[in-house]
Amino acid sequence: MQLIKNGKFVADEWKHVADDEALPEGAVIVSLQRWQKEQNLLLSRGTPVGVQLKSGEEPSLIAEHLDRLALVALEFPVYRNGRAFSYARLLRERYDYKGEVRAVGAVLRDQFYFLVRCGFDALEVRDEITPEIFAESIGTFTHPYQPSTDGAEPVMSLRQRLAAQARKAS
């Protein structure tokens, strides 16, 4: 797997750690269950901690802990399960989460643009994804139709603003 963070391919300094696996040095991503059982131990290590939420595990389950988590990984178990899109938006908008929101699992190139718009700033992608493929996927649409976390002006707002400017000018 490769990591794209803020639009760039970067080395991944985080380690996914299974529930029964010993904790390695450095930044770790653990399951919700492990976080709930071992959060004091995880935080006492003095290294960044991330929690991975499965598709059915909502961000509300960690909302009170977000200030202590450097990363929230949202799992896409299969391409047709899009709950993580909503979860990313909730993290950014409802919970004002400023840490890394990472897409993991069945992350497809057709989703890159929408993932970024919903609040993901990091994507774990298959090895065959290149910077060119990522750039092409992100550049697919020039004007979004709906508002989102990225601040881009939706097409309808743009049309209304331009129409209002034209009325003022005439």
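The values are calculated or read from the model by the stated rules, or taken from the named source; none is laboratory data. The model shown is predicted, which means the values in this text are computed figures rather than measured ones. Positions of Cβ are generated from backbone atoms using ideal geometry, with glycine treated the same way; all protein chains shown enter the neighbour counts. Heads up: the accessible areas ignore ligands, DNA and RNA and are worked out on the full protein's heavy atoms, side chains in. Shrake-Rupley method; radii C 1.70, N 1.55, O 1.52, S 1.80 Å.
For GLY105, the residues 5 or more places off, or on other chains, whose built amide H falls under 5 Å of its own are PHE76. Calculate, in whole percent, how much of the Cα-Cα pair population of the range 20-135 lies beyond 16 Å. Here the tail beyond 16 Å accounts for 59 percent of pairs.
Amide H contacts for HIS16 (H built 1.01 Å from N in the peptide plane; partners 5 or more residues away or on another chain; cut-off under 5 Å): ILE29.
A cut-off under 14 angstrom between Cβ atoms defines the neighbours of GLU132, and their net charge, with Lys, Arg +1 and Asp, Glu -1, is 0. Taking θ as phi - 60° and the Karplus parameters 6.51, -1.76 and 1.60, the scalar couplings of the range 71-77 work out to 8, 10, 9, 10, 8, 9, x Hz in sequence order, x denoting glycine and proline. Remark: accessible surface ordering of ARG94, ARG34 (largest first) is ARG94, ARG34, probe radius 1.4 Å.
For the range 1-143, carbon and sulfur atoms together expose 51% of the accessible surface, with a 1.4 angstrom probe and every protein chain in place. Given LEU3, ALA163, LEU32, which one lies farthest toward the positive end of the charge dipole of the chain, if we put +1 on the Cβ of every Lys and Arg and -1 on the Cβ of every Asp and Glu? Comparing the listed Cα positions along the dipole, ALA163 ranks first. Computed about the Cα centre, the dipole magnitude for the range 25-84 is approximately 160 debye when only Lys and Arg (+1) and Asp and Glu (-1) carry charge, each at its Cβ.
Whenever you get a sec, line up SER137, SER44 from highest to lowest accessible area (probe 1.4 Å, protein heavy atoms).
Details: SER137 10, SER44 85 Å².
Most to least solvent-accessible, the answer reads SER44, SER137.
The Cβ shell under 13 Å around THR47 holds other residues with a net charge of +1, Lys and Arg each +1, Asp and Glu each -1.
Please get the size of the charge dipole for the range 1-52, origin at its Cα centre, with Cβ charges of +1 on Lys and Arg and -1 on Asp and Glu, quoted in debye to the nearest 20. All intermediate terms of the calculation are to be shown ahead of the outcome.
Details: 6 positive and 7 negative charges, 46 e Å.
About 220 debye.
For the range 69-143, the orientation-averaged shadow of the C-alpha convex hull comes to 5.3 nm² (one quarter of the hull surface). Taking the C-alpha atoms only, the angle from helix 32-44 to the longest principal axis of the chain is near 70 degrees.
Among the listed pairs LYS5/LYS98; LYS8/LYS37; LYS15/LYS37, which are separated by more than 23 Å between their Cα atoms?
Details: LYS5/LYS98 14 Å; LYS8/LYS37 34 Å; LYS15/LYS37 19 Å.
Where the Cα-Cα span goes over 23 Å, the pairs concerned are LYS8/LYS37.
Assuming charge only on the beta carbon of Lys and Arg (+1) and of Asp and Glu (-1), the dipole of the chain about its Cα centre is about 900 debye to the nearest 20.
Ignoring ligands, DNA and RNA, what accessible area per residue does the chain give at 1.4 Å, in Å²? Could the numbers behind the result be given before it?
On the way: 9680 Å² over 170 residues.
Heavy-atom SASA per residue in the chain reads 57 Å².
Accessible area of LEU162 (1.4 Å probe, protein heavy atoms only, ligands and nucleic acids ignored): about 90 Å². Once you reduce the range 69-90 and the range 11-64 to the center of their Cα atoms, the two points are 15 Å from each other. Summarising the amide proton neighbourhood of ALA73: residues at separation of 5 or more, or on other chains, whose placed amide H is nearer than 5 Å comprise VAL51, GLN52, LEU53, ARG102.
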